[in-house]
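Report on one structure; see the data block that follows.
The values are calculated or read from the model by the stated rules, or taken from the named source; none is laboratory data. Being a predicted model, the structure only gives us computed values, none of them experimental. Counting neighbours? That spans all protein chains shown, and the Cβs are built from the backbone with ideal geometry, glycine included. We work out accessible area using only protein heavy atoms, side chains counted, and drop any ligands, DNA or RNA first. Shrake-Rupley method; radii C 1.70, N 1.55, O 1.52, S 1.80 Å.
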Amino acid sequence: MINIQEKLFQNRYRVDDGRPHIRIRNPEICTEDCQSQACTYACPAACYTLEGKAVTLTTDGCLECGTCRIICSEHQNVDWAYPRGGHGILFKFG
Amino acid sequence: MTEKFDAIVVGAGPAGNAAAYTLASAGLKVLQLERGETPGTKNVQGAILYSDALERIIPDFRNEAPLERHIIEQRMWVLDDDSAIGTSYRSEAFSSDRPNRYTILRAPFDRWFSEKVRAAGALVICETTVTELLQEGGRVVGVRTDREEGDIYADVVILADGVNSLLARKAGFHGELDPRNVALAVKEIHFLPEETLQGRFNIKGSEGVVIEIAGAVTHGMVGTAFLYTNRESITLGIGCLLSDFKKTRVPPYALLEELKQHPAIAPLIEGGEMKEYAAHLIPEGGYKAIPKLYGEGWMIVGDSAGLVNAAHREGSNLAMTSGRIAAETVIALHGKGLPCSQENLAVYRAALDESFVMKDLKKYRELPEVLHGNPHFFSVYPKLFNRAAHTMLTVDGEDKHSKEKTVRRSFVEQRSLLGLMGDAYRMWRATR
Ligand SMILES: Cc1cc2nc3c(=O)[nH]c(=O)nc-3n(C[C@H](O)[C@H](O)[C@H](O)COP(=O)(O)OP(=O)(O)OC[C@H]3O[C@@H](n4cnc5c(N)ncnc54)[C@H](O)[C@@H]3O)c2cc1C
Ligand code: SF4
Ligand code: SF4
């Protein structure tokens, strides 16, 4: 098992508390309709976790790549925006 | 803010900085907006900087830009599970007083470039996300930001907002990226003492080595990996198409871990301290996926326009060049007192077509399709090449004729003679 948290721990973030910039539009679509649940393995920061069939999103470690929005192409169930200016990931090296 | 600008540039990556710098240097009133705390804090690259594109904008950049190493050697490796076959090119000629390629770190590099933009006279505002384009009667007239009273107006808006290109999508200028046309790359940076690094890569001073990698590490997905030397660190990463990640269900960080553990890679990063993990998308649809590049009062440059030559891992230079050409288009119109209408901005596309940007993208226009249709390029061939090398290099009493026969048989068994010829033909067609 790779500990993704250990990787993300090296990064600098300014989290916009209480204002997640990405949202699952309809959680029922994830549980009932989505075959692939691709967000749960393709997100490079493992922000989407699977509990049973339900998908939970926690954006704190988000790298703002855009993968989850594009990979959810069949259901377009990801409401995706950049964080407010100055918030989110702060790459030191990039 | 009620004042009006000659131009608003959204984004302070290489495309936006090239555009804003060129516009401001010509005396235009420019506003540049960037969502990061400082320019660069949102940006990720390998990163190789190609001197030529920057030199055309800032001729003496070498005296002041934060450069890591100038590249004197390029290696290309094709990996199997526990072996590697490859080629390399190394030359003293790359150590001239004007080296052609450097490794950089995007965060400090973008910050430096942005200081040049400010010094040229542009107003640069960070920590500000543009949320949408303001339109009046089918014309873009400005932008809305996430700041209070954040509407700002200009004669033209240059969209240099990177691969996700949310603003143009929201305005309906183009649709969502196809997962087949975009790669996700993950990378890490590992710090090592400078002498250790120089010893491992057989380099001195600020000489650098870059390694481009294909084969088993991508699990057969369309993608490549890379390892670049910086002054006191190594960046290594791996990227594959989103459509392939969806198929294989391999998490991107799992690929990165396997890459780090590969016997050809592990000794190079041994003992390094990992200080950052990053991820970013790369538009790889090429020429056929390029959207409309201009309209009434707007232009789109760099990754936002999909201007990446994936076959050669070039993006930042296409970004800078498109940013510069877009700016030159606006400067010329401004000088003649002409509006930035769709008709007048057509010059931008025409000038891009004449540059290496579109010529190169056009040359490789069939490549994305060919790679989709021939996944064995990334699975079967790496194995075959490695095994062929193994057979030929193992001295075990078997004569060389028989060894060659074994190798030939292994290729034909895997791909058939027709298949091999077809592959060669398809690759030739896709890259001619
Ligand atoms: C892993 C990896 C390796 C690469 N290696 C190389 C390489 O070795 N050589 C090379 O030439 N190219 C390489 N590329 C490609 C290169 O990084 C890109 O082509 C280049 O960064 C594109 O520049 P850009 O200015 O168009 O976009 P970006 O660099 O992405 O800049 C966009 C800017 O816009 C800002 N922004 C976005 N939206 C908004 C908004 N709404 N409001 C305000 N600001 C906004 C962002 O914060 C960012 O600063 C690589 C890419 C990756 C991911
Ligand atoms: S891919 Fe989309 S629909 Fe499927 S689980 Fe993820 S967010 Fe839900
Ligand atoms: S944008 Fe990227 S890092 Fe953030 S949640 Fe989506 S896939 Fe994960």
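Here are some notes:
- Note on A:5-13: average number of Cβ atoms from other chains within 10 Å of each residue's Cβ is 3.
- Estimated translational D of the protein assembly as shown in µm²/s (Stokes, Kirkwood radius over Cα pairs; 37 °C; 0.692 mPa s): 136
- Close amide-amide hydrogen proximity is noted between residue B:128 and A:86, B:34, B:35, B:36, each under 5 Å apart and 5 or more residues distant or on a separate chain (H modeled in the peptide plane; Pro and chain starts excluded).
- Averaged over A:32-43, number of beta-carbon atoms from partner chains that fall within 10 Å: 3
- Those lysines that a straight Cα-Cα span of less than 27 Å connects to residue B:170, excepting residues fewer than 8 apart in one chain: B:4, B:29, B:42, B:246, B:288, B:292
- Using R0 = 25 Å, the C-beta based FRET efficiency linking residue A:3 and residue A:56 works out to 0.85.
- Per-residue Karplus couplings for segment B:284-292, computed as 6.51 cos²θ - 1.76 cosθ + 1.60 with θ equal to phi - 60°, are listed in order as 10, x, x, 3, 5, 9, 5, x, 5 Hz, Gly and Pro entered as x.
- Computed 3J(HN,Hα) for segment B:115-129, one whole-Hz value per residue from the Karplus formula 6.51 cos²θ - 1.76 cosθ + 1.60 where θ = phi - 60°, is 4, 5, 5, 4, 5, 6, x, 7, 8, 10, 10, 9, 6, 9, 9, glycine and proline marked x.
- Vicinal HN-Hα couplings computed from phi for segment B:152-167 (Karplus, 6.51 cos²θ - 1.76 cosθ + 1.60; Hz; Gly/Pro x): 9, 10, 7, 5, 8, 10, 9, 8, 10, 9, x, 3, 5, 6, 5, 5
- Amide H contacts under 5 Å for residue B:277, placed H, 5+ residues apart: A:11
- For segment B:368-431, the convex hull spanned by the alpha carbon atoms encloses 86 Å³ per residue.
- Sparse packing (at most 13 other Cβ atoms within 10 Å of the Cβ) combined with a DSSP loop state is found for the following trypsin sites (Lys or Arg not before Pro) in segment A:32-94: A:53.
- Size descriptor for segment B:279-366, Kirkwood hydrodynamic radius: 13.3 Å (Cα pairs only, one decimal).
- Annotation for residue B:406 and residue B:90: the two label points, set 7 Å from Cα along the Cα-Cβ direction, are 3.1 nm apart.
- Residues whose amide H falls under 5 Å from that of residue B:5, counting only those 5 or more places apart or on a different chain, are B:153, B:154, B:155, with hydrogens built in the peptide plane.
- With each label modelled as a point 7 angstrom along the Cα→C-beta vector, the residue B:418-residue A:76 pair spans 4.3 nm.
- Put B:358, B:421 in order of accessible area, highest first, and with a 1.4 Å probe you get B:421, B:358.
- If R0 equals 22 Å, the separation of the Cβ atoms of residue B:55 and residue B:194 corresponds to a calculated FRET efficiency of about 0.25.
- A P(r) calculated from all alpha carbon pairs of chain A, with 5 Å bins opening at zero, reads 2, 13, 24, 25, 18, 12, 5, 1, 0 percent.
- Qualifying chymotrypsin sites (Phe, Trp or Tyr not before Pro) for segment B:63-149 [loop in DSSP, other Cβ within 10 Å: at most 11]: none
- On full extension, the segment bounded by residue B:178 and residue B:342 gains 56.4 nm, given 0.36 nm per residue less the C-alpha separation.
- Ranked packing of A:23-34, B:5-16, B:32-43, most packed first, by mean Cβ within 10 Å: B:5-16, B:32-43, A:23-34
- Largest first, the extents of the alpha carbon coordinates of segment B:54-147 on the three principal axes equal 58, 39, 25 Å.
- As a ratio to 2.2 N^0.38 Å, the alpha-carbon radius of gyration for chain B is 1.05.
- Separation between Cα centres of segment B:6-54 and segment B:299-357, rounded to whole Å: 13
- Using a simple spin-label model with pseudo-atoms 7 Å out from Cα toward Cβ, residue B:247 and residue B:359 lie 3.5 nm apart.
- For residue B:275, a cut-off of 20 angstrom between C-alpha atoms picks up these aspartates and glutamates, skipping any fewer than 8 places away in its own chain: A:6, A:60, A:64, B:37, B:68, B:110, B:188, B:194, B:195, B:232, B:257, B:258.
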